[in-house]
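**Q** Okay, here's the structure, questions in a sec.
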Amino acid sequence: MKKVLLIGLSIISLSCSVKKNNSLIKTESSVLDRSEISATEKNIVNGFLEVELKKERYRTYSDFPISVIKESITKLYSLNIYENCYNGRDLPIKNSTNNAWILNEDQIQKIKETLNIEKSYNWNVSDFTSFNVSIIESSDLIKTIKENAYTDLQKKMILYLSKPLLIGKNNAFISFKLGDSSLGFNTINIFTALLKKNQEEKWEIDSYYYDPNSTW
């Protein structure tokens, strides 16, 4: 797990900026400006975390502070997880709880064209309104792991999160990786979720998508 985590963290900061817009992706921010987070994106992230982190499976960690990895998971990663599950939709063992496939292969490829040189967003403490968080740079986390200095991360949840990938006005994908640093480093949960906006303008989790080979 330690070696896999190091490899994953070492490639966080690849690529930069966005090539062109696509009618399937609607955000409040400029396509070319990925240095900020829009009001819609912030609303989605905080609403999602407020619901997800209060679930029973995280009860053991309720008193753990949360450290967010500064460099976000890319939106392309979220789309790739969805695509893998879509391509395996007819297999007997499903890797998703999908209710309805909102994108077909042609639509997936069109969106990929807008994300292939995407730049990771750098999270800020002010982005998170539902929980108090600290920010940890991936390089610092890598150093801690290499030096086995886990006492510096005692009883913390390490959160690796993507900005939402908006599909139209009412759908968004978000990727979520959560680890526990109290015993070296252990994965708590990894998934990509599809959120849908309901009639009350709130974003709710509709489906989960998993990659059985996904790691940090």
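**Q** Is it the case that residue 196 is touching a Phe, Trp or Tyr at 6+ places or on another chain (Cβ under 9 Å), open to solvent by 40 Å² or more (accessible area, probe 1.4 Å) and touching a residue at least 12 places away in the same chain (Cβ under 8 Å)? Let's see the steps before the verdict.
**A** Details: touching a Phe, Trp or Tyr at 6+ places or on another chain (Cβ under 9 Å): yes; open to solvent by 40 Å² or more (accessible area, probe 1.4 Å): yes; touching a residue at least 12 places away in the same chain (Cβ under 8 Å): yes.
Judged against the criteria, residue 196 is a match.
**Q** Continuing with the same structure: Does any residue in region 55-78 that is in a helix (DSSP H, G or I) come within less than 8 Å, Cβ to Cβ, of a residue that is of a type in the set (Ser, Thr, Tyr) and surrounded by 20 or more Cβ atoms within 10 Å (Cβ to Cβ) six or more places away or on a different chain, and which pairs are these?
**A** Within 8 Å, the pairs are 75/162; 77/162; 77/175; 77/192; 78/162; 78/175; 78/192.
**Q** For the list (1) without any contact (Cβ under 8 Å) to a residue 24 or more places away in the chain; (2) of a type outside the set (Val, Ile, Thr); (3) part of a loop (DSSP other than H, G, I, E, B), I need the number of the one condition that residue 139 fails.
**A** Condition (3) is where residue 139 drops out.
**Q** Does region 183-201 hold any residues that are modelled with pLDDT under 95 and more than 18 Å from residue 55 (Cα to Cα), and which are they?
**A** 183, 184, 185, 186, 198, 199, 200, 201, listed by residue number.
**Q** Let me ask another. Take the residues of region 35-86 that are farther than 24 Å from residue 102 by Cβ and among the polar types (S, T, N, Q): which is least open to solvent (accessible area, probe 1.4 Å)?
**A** This residue is 67.
**Q** Here's another thing I want to ask about it. When region 93-130 is examined, which residues are found to be farther than 19 Å from residue 40 by Cβ and not in a loop (DSSP other than H, G, I, E, B)?
**A** Answer for region 93-130, where residues must be farther than 19 Å from residue 40 by Cβ and not in a loop (DSSP other than H, G, I, E, B): 96, 105, 106, 107, 108, 109, 110, 112, 113, 125.
The values are calculated or read from the model by the stated rules, or taken from the named source; none is laboratory data. Small disclaimer: the values here were computed from a predicted structure and weren't measured. For neighbour counting, all protein chains shown are included, and Cβ atoms are generated from backbone atoms with ideal geometry for every residue, glycine included. These accessible areas exclude ligands, DNA and RNA; they are computed on the full protein's heavy atoms, side chains included. Shrake-Rupley method; radii C 1.70, N 1.55, O 1.52, S 1.80 Å.
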